[in-house]
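I have placed the structure first, in the form of structure tokens, so that the comments after it can refer back to it.
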Amino acid sequence: MTIREPEAIDLATPSGPMRTFIFRPQAPGRYPGLVLYSEIFQVTGPIRRTAALLAGHGFVVAAPEIYHEYEPAGTVLAYDQAGADRGNALKTTKPLAAYDADARAALDFLKSYAPCTGHLGVMGICIGGHLAFRAAMNPDVLAVACFYATDIHKRGLGLGMNDNTLDRVAEIKGEALMIYGRQDPHVPLEGRQKVQAALVAAGTNFTWHEFNGAHAFLRDEGYRYDPELALQCYRLALDLFRRKLGEGDQHTAAVSEGTETKH
């Protein structure tokens, strides 16, 4: 389905306003909600296109700026060494509690947002995969899709680089979809095995997928992009969200010159 022009709003958080971009279907009605977490570069062109793809499949998508306390609203870090250095520095400057408060703010917004059914899921890429994993510890999150989530295995998120994500796995009550690339140096085999073992030990309802792909294979810019693999993985995520969150209003009738139009 077609989507509306994205809307930028500022959500209140304990650490200041969080610029968040809302993508949703053009057709009136109510749709399940997704929080989409970006890579360290914030809401770039590829992240916007991912949000648009999800919205076009019948979801209200909220994509927050993960470093809103440290960068002016609307800041996008470049996909270059300087951008990576800045993003990685901020990753361990921001307190863990601030990441968690941001998640709650985004989820609360979707729950109260009129075009949303209140059925919530989260998805994230790279650091966003880790943030989505933590967001899924909120009991109202019914499903989470994590794409090559970084730093879970080495407790490397947030100020002090000693996060408690592995200790809190049992708090994830929804279904989890974990996707990794075997050629990803940021999450090596031993790291993947550590995360998987924690999920098994906690009795989490999850599926686990490893593919022959590099880090950032989902990003439709750069030499590591794998379009075929990206398409396959998007389908896995969409299937999960539709199954766990339900489907919203897909058929809103409009009258145009006496003809009913389906969106």
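Bear in mind that the values in this text are calculations on the coordinates, not laboratory data. This structure is a prediction, so every number in the text was calculated from the model and none was measured. A quick note on method: Cβ atoms are made from the backbone with ideal geometry, for glycine too, and the neighbour counts reach across all protein chains shown.
Okay, here's what the table says:
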quantity: Long-range lysine pairs (8 or more apart or interchain), the chain, Cα under 18 Å; calculated: 6
quantity: Label-to-label distance, nm, for residues given as R242 and N88 (7 Å Cα→Cβ offset); calculated: 3.9
quantity: For the stretch 111-122, Karplus couplings with θ = phi - 60° (6.51, -1.76, 1.60), whole Hz, Gly/Pro x; calculated: 4, 9, 7, 3, x, 9, 6, x, 7, 10, x, 9
quantity: Mean residue ellipticity (222 nm) of the chain, computed from DSSP H runs ≥ 4 via -39,500 (n - 2.57), nearest 500; calculated: -10000 deg cm²/dmol
quantity: Alpha-carbon Rg with Dmax, taken over the chain, Å; calculated: 17.7, 63
quantity: Within-12-Å neighbourhood charge of T13 [Cβ basis; K, R +1; D, E -1]; calculated: -3
quantity: Net charge of neighbours whose Cβ lies under 14 Å from the Cβ of R224, counting Lys and Arg as +1 and Asp and Glu as -1; calculated: -4
quantity: Inter-part distance where the stretch 70-127 and the stretch 182-253 are each reduced to a Cα centre, Å; calculated: 18
quantity: Other-chain or far-sequence residues with amide H under 5 Å of A145's (modelled H); calculated: V122, M123, G124, L177
quantity: The chain - charge dipole about Cα centre, Lys and Arg +1 at Cβ, Asp and Glu -1, debye rounded to 20; calculated: 420
quantity: Gain in span if fully extended, R182 to K154, counting 0.36 nm per residue against the direct Cα distance; calculated: 8.4 nm
quantity: Share antiparallel - DSSP beta bridges, the chain, percent rounded to 5; calculated: 30
quantity: For the stretch 165-208, fraction of C-alpha pairs farther apart than 15 Å, in %; calculated: 41
quantity: In order through the stretch 85-94: 3J(HN,Hα) via Karplus (6.51 cos²θ - 1.76 cosθ + 1.60), integer Hz, x for Gly, Pro; calculated: 4, 5, x, 5, 5, 5, 4, 10, 9, 6
quantity: Helix 227-245 axis, angle to the chain major axis (alpha carbon atoms, nearest 10°); calculated: 70
quantity: Karplus-derived 3J(HN,Hα), 6.51/-1.76/1.60, for each residue of the stretch 159-165, Hz, glycine and proline x; calculated: 4, x, 6, 8, 6, 10, 4
quantity: Charge tally in the Cβ shell below 12 Å around Y67, where Lys, Arg are +1 and Asp, Glu are -1, Y67 excluded; calculated: -1
quantity: Low-density loop positions, chymotrypsin sites (Phe, Trp or Tyr not before Pro), the stretch 197-226 - DSSP coil, at most 12 other Cβ in 10 Å; calculated: Y223
quantity: 0 to 90° range, to nearest 10: angle between helix 45-56 axis and the chain longest Cα axis; calculated: 50
quantity: Long-range HN-HN contacts of T117 with modeled amide H, under 5 Å; calculated: Y31, G33
